[in-house]
1. Where does the charge balance sit around B:V313 when Lys and Arg score +1, Asp and Glu -1, over other residues with C-beta under 15 Å from its C-beta?
2. Take the cross-link list D:K141/D:K234; B:K245/D:K219; C:K49/D:K219; C:K116/C:K271; A:K244/B:K245 and give me the ones stretching past 27 Å between alpha-carbons.
3. Between D:K182, D:K245, D:K126, find the one with the highest GNM mean-square fluctuation for chain D; connect C-alpha pairs within less than 10 Å.
4. With a 1.4 Å probe and all protein chains left in place, how much of the accessible area of the stretch B:24-109 comes from carbon and sulfur atoms, in whole percent?
5. Tell me the relative contact order for the stretch D:301-353 as a rounded percent, counting alpha carbon contacts under 8 Å between residues six or more apart.
6. Loop only per DSSP, at most 12 neighbouring Cβ atoms within 10 Å: give me the GluC sites (Glu not before Pro) in the stretch D:110-174, ordered by residue number.
7. Of the residues D:A52, D:A195, D:A343, which exhibits the maximal mean-square fluctuation in a Gaussian network model of chain D defined by a 10 Å Cα contact cut-off?
8. Can you list the equivalent-ellipsoid semi-axes of the stretch C:165-248, largest first and in whole Å, using the square root of 5 times each Cα gyration tensor eigenvalue?
There are 4 protein chains.
Amino acid sequence: MGVDAQYGGVVAAPGMNFRSDNCYGVAPEIADAIQAANQGTDSSYGDDKITARLQARFSEIFERDVHVYPVISGTAANALALATLVPSHGAILCHAGSHIAVDECGSVELFTHGAKLVGLEAANGKLAPPIVETALARFEKGSVHHPQPSAISITQATEFGTVYRREEIEALSAVARTNGMKLHMDGARFANALATLGCAPADITWRAGVDVLSFGATKNGAIGAEAVVFFAKKDVRDFEYRRKKSGHLMSKMRFVSAQLEAYLHDGLWLKLAARANGSATRLAEGLAGVRGADLAHPVEANEVLVRLPDETVARLRSAGGIFYDWEPPQAGSTLIRLVTSFATSAEDVANFIRIAKG
Amino acid sequence: MGVDAQYGGVVAAPGMNFRSDNCYGVAPEIADAIQAANQGTDSSYGDDKITARLQARFSEIFERDVHVYPVISGTAANALALATLVPSHGAILCHAGSHIAVDECGSVELFTHGAKLVGLEAANGKLAPPIVETALARFEKGSVHHPQPSAISITQATEFGTVYRREEIEALSAVARTNGMKLHMDGARFANALATLGCAPADITWRAGVDVLSFGATKNGAIGAEAVVFFAKKDVRDFEYRRKKSGHLMSKMRFVSAQLEAYLHDGLWLKLAARANGSATRLAEGLAGVRGADLAHPVEANEVLVRLPDETVARLRSAGGIFYDWEPPQAGSTLIRLVTSFATSAEDVANFIRIAKG
Amino acid sequence: MGVDAQYGGVVAAPGMNFRSDNCYGVAPEIADAIQAANQGTDSSYGDDKITARLQARFSEIFERDVHVYPVISGTAANALALATLVPSHGAILCHAGSHIAVDECGSVELFTHGAKLVGLEAANGKLAPPIVETALARFEKGSVHHPQPSAISITQATEFGTVYRREEIEALSAVARTNGMKLHMDGARFANALATLGCAPADITWRAGVDVLSFGATKNGAIGAEAVVFFAKKDVRDFEYRRKKSGHLMSKMRFVSAQLEAYLHDGLWLKLAARANGSATRLAEGLAGVRGADLAHPVEANEVLVRLPDETVARLRSAGGIFYDWEPPQAGSTLIRLVTSFATSAEDVANFIRIAKG
Amino acid sequence: MGVDAQYGGVVAAPGMNFRSDNCYGVAPEIADAIQAANQGTDSSYGDDKITARLQARFSEIFERDVHVYPVISGTAANALALATLVPSHGAILCHAGSHIAVDECGSVELFTHGAKLVGLEAANGKLAPPIVETALARFEKGSVHHPQPSAISITQATEFGTVYRREEIEALSAVARTNGMKLHMDGARFANALATLGCAPADITWRAGVDVLSFGATKNGAIGAEAVVFFAKKDVRDFEYRRKKSGHLMSKMRFVSAQLEAYLHDGLWLKLAARANGSATRLAEGLAGVRGADLAHPVEANEVLVRLPDETVARLRSAGGIFYDWEPPQAGSTLIRLVTSFATSAEDVANFIRIAKG
């Protein structure tokens, strides 16, 4: 293993593993923070000093008093956040390909006690006002026969490696406000979006109308650390009871909070994300030169969805490349998904491109 | 901080903190295992190599092919295990003071979709057949009007610092079998019980009729690592879907599994538990000599429930002692609970006794 | 079948059936109202004219603008009412022998998504402030670990045939207010209580601090007609969605509303209840003269819980008497429950007493 | 009100009300049966004699031992039936416009505790194998991340007034079997379909592979009477507990069962349905001659979805016609829905056509 030069910290993990950023481990600074937190005794269930500091730290980063609740999985963050905002008779509008709609086994439906996820098709994984408004027309406001649209959930960065601009979020937020809905952001890859946009975290969250954010760190270098961030106290409602009742209040929470603290320290989160994004960009640029390659979406974060000839795909796999088919093969080519992480090695990227070029 | 001599590993955390074993940190061997697991890439969501090894390791320890599912909290372990075994129309018989009945905010009721917890009073925190049978008589078998008793849940070691003997478990298991019920064991302090009994793990679980065990490591030196252990494959049913759907399937699970692996390595779990138990025993012995002290239960694990004069309680608190009142003060004395951990220092125990003696 | 003289309407059903008031049929006036409602067309799902009139009628009877929602079972009324008032992390204090605790298969737990029913023992089926306050002390206010007491539920008339006085309800209501809880009344036999007390419906409901009433008509002469009555609009919250989502919004609701309208017309409900109560009183008076008979509770509504020698019980059964054992036989006698209805015949009562006297 | 000649029974309700069959009342034979059931006493909660007879009657009609459970709403029938067959982690494939997907406020999602309804677009409201198979490909079998397709739900007659043929059902059933799924039929208008097809009830249910049927009577002349019909005992599972726990077990069930018994007596159900279907057919034939009219679907039951010029729609409404817009007006015309019932008068149909012709 070599030490990456970009910020003098990450130990790159080799192996051409582009299956998921979850396949990678922990950033050394975060691992060290866990060790450092192992001092003396402290209160359990989140009443500890590190968790207390976290509130201030997040508030500083988001330039506003925010309300932060650590959990250990993105599924928990999304389901608990949405269940807090959306009643059992509610409906949540989201992209048809979003994680909550496709990959969480109906967790939101469970935690909301049967709210309806309305999955909408939209280009590049991004919802837009007309699509949302068309969907809203299907639900009669105030009719007990119809689930009542109560939230829009967007993903930043999206499942397709694209990124919402501030004005895009504002436009969706306006639709939400007009229709009495809340705006939730699944930020499992929030840092990746932010690293691309280069704006303040506030600009693409509460300033743009986001009510609650699932703030992810796990995919970007933590062991298991996510945070539900509410931007207004009134929205917190009974969140803390929901977290406890669903088994998501860790007794030794300070070790989760320590991960988040380290993640946010000295810009680590953005450095890690920038590194992952950089690898994706290089991968996309390299693959653009491969015969028959076709990028499905702009590469704006740490994912590359690219259509490649089936023989290229096969060659990459036989050389050890690890990645998902995103769709079944079709007419001689396959859409594959490549995810890069903070610890993806430059050699892996270079090798992958080289092998793809055949 | 000094190094404890007992097994040459634990760094004791000083502070006369007897509030909970959760207030203590991580055993060094377990912290090291997290670091060691941070190598290369691996599959996520439990398809990794460490989690795979865990199945074999638990099977070895329990002398039987078991089915092991790591989660991050005891509440999750209990609620998911019981929800897998008990239908929505079921009832679960447990001690009135058990964690699932008192301290988990109705998590079992949520995950079972409304099964009824029937809390039974019983001496020393331990259920016994006549108490269970009396309760069963209240429910008409097969009547849709009554929740149907579907499981007995016992806690080992109990909330009161006592320990079930094998034959006590067998007797409850016989009642369960006769009535078509399953037997669940909340083993948040399973190692503490085992360290006291000195028997094989199998002897007080499946050999005694336990169907599913919530195996705890968090209170005894892990960061956040519990395991649901099924002793028969058919009982696993849809557990894996339940774990995912409730947000308890960690993406980087290998870091939870690594904790469990280290915990079980070379008897660490029993050494840690023995150390905690030893501190409790010394505490109980010392407090027995305090004027007006009255032990509420036999001290068989790492908890001491003792009634002390209110002035003694006040003196201990003003000297920095941290602990819970277990009941409101009454007639000049108070029942307090003292919990020791693997990292409770000998000095703390000695000081506490000395101060109590006044 | 003979016509009862008391109000010139009810057709008495013979058979010494004292098992439940549910075993009896429909009052003729209510059956006629169903026929009369079968005219022309009307809006479905409660938007019809009869349901609209019901709001005014209930408001008149309760001397206040109330919010009335018909459903078809008492279990539905209780579970929907309580789920509207109590969050998933809530607790509901009720009598240990109450219908919601014992006879509804955990319906409240299902509809609240896992709130905890706390069943309290109390004399004559009636909760009293000290009992409630003792129970409240077990729950730490604001702690996420403990279900939060959110409602008291009382039954009027009780399962034991007793009746709360206005001042008793006021005292419980004061405890509820002080502790931020709501007061629910299960009025499956509300008319029976009212017929005994002779006060205004308002006096034992909102004037005494009741927030929501499950108003029963089924046991007292309807086919299947209950109403959830909220005394303040703000408490209605999302009740209407809950009713629909749980399948309890009948499409042809006017036929349920017609039953309620007839029930309330010209005091029919109180006449029917008075008739049932009268039968119970005569039964109790007659049985008082039976050797070895021991009334378990004051007979204040339409239920008689009486301990009789086992040979007397056997003789009654062999003569065709139908009733429940309320407890298993003990020391030569058995506590049985006798329920009278609006249609219990005077001959049945007389015969039952005669046979009991042997 | 006049007496309809077709079978000498129905009292037609005038008013050009084509909004829903739910807007009409009760067939006289069914109303009489309620009166007739009001004799003496009987056991409650479905243990009565009429409900017992119902099992035999349904078994006779379906030519097989079936398991019949009366409930009072179609929403309850659908949600309870599907929740019995589909786990919380399951998915249910249905038409995008089906009642369970659109009009029941997420009742199925509530009762299944969060299963996913997958609404599929398909011509004329009818699912077909290729559409189902394409949808199935989106769910990875055995992956805990994806809800597992567990049932197909079809509606007979459909929401669009069309009817599945036996071979169409068989084809869907084959897909269900191949994929380990159950087949549910929402038969809110089952009689209407049967009246059109003229086949045996068995032919389009269990002989064609249907596992469970929501058998509706409410829309076709009952007050509130539906039945969940299981065709195999093993599929009943815990249905009876679910019905009770959700408040859907009526205490005086015999009055629901009496409706169903009368409905099935002497072919009444088919006569009523034939009458409703006939009105729809005449309506469709008449409207075919209206300038600018365009039937959206074949008229095979008691619904007509027809596009009419907006001025025609306005003229019909100002003449008293009552009906729903099925879609918002578009380009000068609107798709409206007209539902006929057993009690729709011939005059209303004739008048409506006459007014439409202008």
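1. Working: positive: B:R19, B:R291, B:R307, B:R315, B:R317, B:R337, B:K357; negative: B:D294, B:D310, B:E311, B:D325, B:E327.
My count for the surroundings of B:V313 gives +2.
2. Too far apart for the 27 Å limit: B:K245/D:K219; C:K116/C:K271.
3. D:K245
4. Working: 1130 of 2310 Å².
Here carbon and sulfur together make up 49 percent of the probe-accessible area.
5. 42 percent
6. Working: sites: D:E121, D:E133, D:E140, D:E159, D:E167, D:E168, D:E170; in loops: D:E121, D:E140, D:E159.
Passing both the DSSP loop test and the Cβ count: D:E121, D:E140.
7. D:A52
8. Details: eigenvalues 97, 78, 15 Å².
Value: 22, 20, 9 Å, ordered largest first.
The values are calculated or read from the model by the stated rules, or taken from the named source; none is laboratory data. Just so we're clear, the structure is a prediction, and the values are computed from it rather than from any experiment. As a convention, Cβ positions derive from the backbone with ideal geometry for all residues, glycine included, and neighbour counts pool all protein chains shown. Accessible surface is based on the protein model in full, side chains and every heavy atom, while ligands, DNA and RNA are left aside. Shrake-Rupley method; radii C 1.70, N 1.55, O 1.52, S 1.80 Å.
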